[in-house]
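The structure appears right after this line, and notes come after that.
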């Protein structure tokens, strides 16, 4: 295709339009003759997006990010990322005259001396909390429906990196006001990094520009927070969305929907209306929260001082799991030897959580290797139809939740009047045993639900109507399920355990053995979708 | 009704695999007697499709909502002017926040609900169907891509001229390395280990109250009390106040001498049941700020490590391993508490070079 061809087609189309239109047509023509934008409209304008509430989680993440950018830009006009010492001289009387950093003082000014400043600060913080939460839920949706399968594995990895970056943004932002809690959070990071063998001491020394807390860290985190991290996030979000366009959105099983089509609302106008309207809804809800609920009242905490700390302080929610992991380490895990100090009380949480998130990142590739399925998958799995995957997910969620809850161990202890030690020991047990229990329960539940689906497909719904037959026998009449509903219950891919066979050279490799073992674990308990033969047999039984 | 929006092709309903028959299915079970896809169900009409009254009502709702949104925006602007922040009145900040926020919330929510309602009630909701194609490029495209790479290789000699290629790799690997060195400048030209190993305390430094800086006399430390302590002179430091405080903060407690179980080599580190310990947790460095008078336990509020003051602050619970370092103290001629020396070990979290 040559350039003359591509620009000739749209201009004739627009020329036709021009006859009927006035200003709009003229403007469209003007722009198209300079940008060839009609091609983009043609390609994307009627692109189809399927409809489901769970598809909106990613939208919530996207829109709250836009809100973060808007409110954050406003805040940068007032915030001073400097740790030079000033005496606070703003409107908040209790802190008047107190020594603090310019960062803290300017944050107080935003809160108390800029009209609408407190509102924007709270919008920014609430939107950030929502952003991370929405990404997390979106990831859970993608995981439990198998939307990460081919061809979307790489987009899963991009989304995963975005999740990590979102937490990094959250943490750097939390540290900027240089209040008591943010400084204390940095102190914990400092202590954790110092626990890394060999390089830890130097990393914190360079990060803080000398000893903790120093006078550099706020400025450095600010560069990360408003420049480097957002730039990477914007680029990755763009890639994430380009892939959504390239792959076209997945859809849940439904009558008429196949792996070769996608059914739903076209971007123009319906999806644009729903999505655009939803942006304002998300923005509105964040605004409502910022209007009514205080968040991060730094004026209550005061400026950072290494000495005081109030009991019962909590990090922002998404850091909780890491803080909880630090709390749950059993006593005494620090050793001296091999030329240095080994702080396993820090390394175990660091490495453990590191492995956990790496597993999350590479899960799509593991599952693809086990099934060996190279087909594209655009029809989502209902979670019950992939019992082992769902059970693994449930175990992961339980592990995360136990660590997260552990971050509130002191609050749980004081609130429910139980001993601190008891709470920690319970949480330790939950972190280890909880995932196994969750795995077992989730897997059995999935299999039971699959069996129920089979029953419905084969014998219909229980109608509750009891009929007495001429012979005196009572039966309950079963209402057959219609073919559209039935399709939702039978449209899923079914896998059997891998049979290992020797390769060309008559050998069975260790890799194959491992794959077979995993495959057995995944697909040993399986319930196949109902086939036509089975339906015919079932009908034979009843009529 | 199942028309393809792109070309009106009939749908291939039954086969759920994608990418042609030659794509390996792995361990997936492909059956011949699978139930067939029944095709799209008939389209359900909405009440606004059949009842013109309902359609007009929906239209009214949508434009009313948009006007309500305008009212919200105007209200927010009015609130900005009507509720200024008055430094004399702390409640004015709350009112400013509340009313601007309410106006904006109304503007945003009404706008959002209006647009969504317009979409759901009035815009065509006929399902549109797009055809999918395999994500991989077509065979011709892929062949052409390979061909282009081959031509590029041929024209540049990238594969042939290995000397050039390998030296290019070397240059590309080497050029970012100076950036790594540049980052050394993030920290000052001092040795971090030395800094971490010493604090402001030295022989004769008086123990002073945090934050006032008033020196503490031994007689003022009553039985059972606990003091938050900094070295005298900390407040007068020109630079590095917080860095010094982050290392030198101390907790001072007085126990009955018979409750103190002192190590033999530290017998003279206390004074009449008064002991001083570093306040910086040996886990990750939070201030160990909570003292339980009855049990003589110190609790770190961050990760709940507990230290037993009567047993030279050894760890009795939680993730910390090492006891809090003890500051040897004595009393000077005027009765003020003084340090005998600096801490005899680095305070705060462990680090690699510590031992």
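Rule-based calculations on the coordinates, nothing more; no lab input. Worth saying up front: this structure is predicted, and the values here are computed from it rather than measured. Positions of Cβ are backbone-derived with ideal geometry, glycine not excepted, and every protein chain shown enters the neighbour counts.
Out of all Cα-Cα pairs in the stretch B:195-354, roughly what percent, to the nearest whole number, are more than 27 Å apart?
Of all Cα-Cα pairs in the stretch B:195-354, 15 percent lie more than 27 Å apart.
Using only Cα atoms, what is the ratio of the radius of gyration of the stretch A:302-460 to 2.2 N^0.38 Å?
Dividing the Cα radius of gyration by 2.2 N^0.38 Å gives 1.38.
Expressed as a whole number of Å, what is the distance separating the alpha-carbon centroids of the stretch A:241-314 and the stretch B:143-172?
Centre-to-centre distance over Cα atoms comes out at 45 Å.
Please report the relative contact order for the stretch A:414-506, taking Cα pairs under 8 Å with a sequence separation of at least 6, and give it as a percent rounded to a whole number.
18
Under the √(5λ) rule applied to the eigenvalues of the Cα gyration tensor, what semi-axes describe the equivalent ellipsoid of chain A? Give them in Å, descending.
Semi-axes (√(5λ), whole Å): 47, 37, 25.
Which angle from 0 to 90°, rounded to the nearest 10, does the C-alpha axis of helix B:52-82 make with the longest principal axis of chain B?
Helix B:52-82 and the main axis of chain B meet at about 30 degrees.
Just need the relative contact order of chain A here, percent rounded to a whole number, with Cα pairs under 8 Å and 6+ apart.
15
Could you compute how fast the stretch B:139-183 diffuses translationally, taking Rh as the Kirkwood radius over C-alpha pairs and applying Stokes-Einstein at 4 °C with viscosity 1.567 mPa s? Give it in µm² per second.
Value of D from the Cα-based Kirkwood radius: 101 µm²/s.
Once you order the gyration tensor axes a ≥ b ≥ c over the Cα atoms, which shape class does the stretch A:413-543 get: rounded for a/c under 1.5, otherwise prolate or oblate by comparing a/b with b/c?
Oblate, since a/c reaches 1.5 and b/c is not below a/b.
Compute the separation of the alpha-carbon centres of the stretch A:20-39 and the stretch A:74-96 and state it in Å as a whole number.
Taking the Cα centre of the stretch A:74-96 as reference, the centre of the stretch A:20-39 is 50 Å away.
Considering the Cα positions of chain B, please state its Rg to one decimal place and its Dmax as a whole number of Å.
Answer for chain B, Rg first and Dmax second: 38.0, 102 Å.
Report the label-to-label distance for residue A:369 and residue B:89 in nanometres (one decimal), using points 7 Å from each Cα along the Cα→Cβ vector.
Label-label distance for residue A:369 and residue B:89, simple model: 6.8 nm.
Taking all pairs of different Cα atoms in the stretch B:62-150, averaging 1/r and flipping that mean, what Kirkwood radius in angstroms comes out?
For the stretch B:62-150, inverting the mean 1/r across all distinct Cα pairs yields 17.6 Å.
R0 = 30 Å: FRET efficiency of residue B:219 with residue B:193, Cβ-based, nearest 0.05?
Plugging the Cβ-Cβ distance into 1/(1 + (r/R0)^6) gives 0.15.
For a Förster distance of 60 Å, can you work out the FRET efficiency between the beta-carbons of residue B:36 and residue B:64, rounded to the nearest 0.05?
0.80
Share of Cα-Cα pairs in the stretch A:253-360 beyond 19 Å, in percent?
When every Cα pair of the stretch A:253-360 is considered, 74 percent fall beyond 19 Å.
Give me the percent relative contact order of chain B, please, defined on Cα pairs under 8 angstrom at least 6 residues apart.
12
Based on DSSP H runs of at least 4 residues, each adding -39500 (n - 2.57), what is the mean residue ellipticity at 222 nm of chain A after dividing by all its residues, to the nearest 500 deg cm²/dmol?
-20500 deg cm²/dmol
Within 10 Å of each Cβ in B:287-295, how many Cβ atoms from other chains are there, averaged over the peptide?
Mean shielding count: 2.
Looking at the protein assembly as shown only, what percent of DSSP beta bridges run antiparallel? Nearest 5 please.
About 95 percent, rounded to the nearest 5.
Sum -39500 (n - 2.57) across every DSSP H segment of at least 4 residues in chain B, then divide by the residue count to get the 222 nm mean residue ellipticity, nearest 500.
-10500 deg cm²/dmol
From the C-alpha gyration tensor of the stretch A:88-242, pull out the three semi-axes of the equivalent ellipsoid (sqrt of 5λ each), sorted largest to smallest, in whole Å.
33, 22, 12
Using only Cα atoms, tell me the angle between helix A:23-35 and the longest principal axis of chain A; keep it within 0 to 90° and round to the nearest 10.
For A:23-35 against chain A, the angle is about 80 degrees.
Would you kindly calculate the translational diffusion coefficient of the stretch A:333-422, applying Stokes-Einstein with the Kirkwood radius from alpha carbon pairs, for 4 °C and a viscosity of 1.567 mPa s, and quote it in µm² s⁻¹ without decimals?
76
Using alpha carbons only, how many degrees (0 to 90, rounded to 10) separate the axis of helix A:180-194 from the longest principal axis of chain A?
For helix A:180-194, the angle is close to 80 degrees.
Please compute the average number of Cβ atoms from other chains found within 10 Å of each residue's Cβ in peptide A:481-489.
For this peptide, the per-residue mean of nearby foreign Cβ atoms is 3.
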